[in-house]
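The values are calculated or read from the model by the stated rules, or taken from the named source; none is laboratory data. Model, not experiment: these values are computed from the prediction. Note that we place each Cβ from the backbone using ideal geometry, even for glycine, and neighbour counts take in every protein chain shown.
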Amino acid sequence: MTSMTRWLLLLLVVFCGGCYSFKDVSIPPDIKTVRINYIDNRARYVNPQLSPQLTDKLRQKVVSQTRLTQIQGDDADYEISATITDYSITTSGISANKTTASNRLNVTVAIMFHNRKDETKSYKDPQSITRNFDFDANLSIQQAEAQLGENIVRNLADEIFNRIFSNW
């Protein structure tokens, strides 16, 4: 190892040693625990599989991509709650003969984040994210959900994770 390489490595350790980072995720070193509450579904139309699948996917993502320990107690350093507030379908495309060619499934999730170590980082008001998923108008909602299900859950979990852990 050359002296220049050692010098660069030392600089890297010094500048990056103050916090944990992974894929643009930055968590202060004094943050050790997280509580991820069950994601409630309060949309007018309820997909019964979405809440448990989204909750599970978000928990898996946090555990696999951070060093945080997931706990159920009220003393977690971070607490994440969310509510599905919209799950609706709109027309997104019209064909040449003026019939519906494609539909769009709109899903909105309101995120609440509580940082017990630094209240200034907590969300005073819920932060909403909306994702849209287009599907062929010839499909029923059940067929579209079956086709889009994994993509919906993955995209929403990624968006929630990024909103919370990439805003430092």
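Taken over segment 42-59, the criterion of being within 14 Å of Gly149 (Cα to Cα) and of a type in the set (A, V, I, L, M, F, W, C) is satisfied by Val46, Leu50, Leu54. Restricting the search to strands (runs of 3 or more DSSP E) fully inside segment 58-154 and requiring at least 2 residues that are over 16 Å from Asn47 (Cβ atoms) and acidic (Asp, Glu) gives 127-136. The selection criterion, being surrounded by 15 or more Cβ atoms within 10 Å (Cβ to Cβ), of a type outside the set (Ser, Thr, Tyr) and more than 13 Å from the chain's Cα centre (by Cα), does not hold for Asn97.
Sort out which residues of segment 29-42 are under 18 Å from the mean Cα position of the chain (by Cα) and either in a helix (DSSP H, G or I) or hydrophobic (A, V, I, L, M, F, W, C) (or both), and write them in order of number. Explain how you work it out, then say what you get.
First pass over segment 29-42, keeping only residues under 18 Å from the mean Cα position of the chain (by Cα): 33-42.
The answer is Val34, Ile36, Ile39.
Within segment 147-168, residues that are closer than 16 Å to Asn115 by Cβ have Cβ atoms under 6 Å from residues that are part of a helix (DSSP H, G or I) and hydrophobic (A, V, I, L, M, F, W, C) in these pairs: Ile160/Leu58, counting only partners at least 6 apart in sequence or on another chain.
Within segment 60-70, the only residue that satisfies the criterion of being surrounded by fewer than 19 Cβ atoms within 10 Å (Cβ to Cβ) and touching an Asp or Glu at 6+ places or on another chain (Cβ under 9 Å) is Lys61.
Every residue, every condition in (1) among the small types (Gly, Ala, Ser); (2) within 16 Å of Ile160 (Cα to Cα); (3) modelled with pLDDT under 95, yes or no:
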residue	(1), (2), (3)
Leu50	no, yes, no
Leu58	no, yes, no
Val62	no, yes, no
Thr69	no, no, no
Tyr78	no, yes, no
Ser81	yes, yes, no
Thr90	no, no, yes
Lys98	no, no, yes
Ala101	yes, no, yes
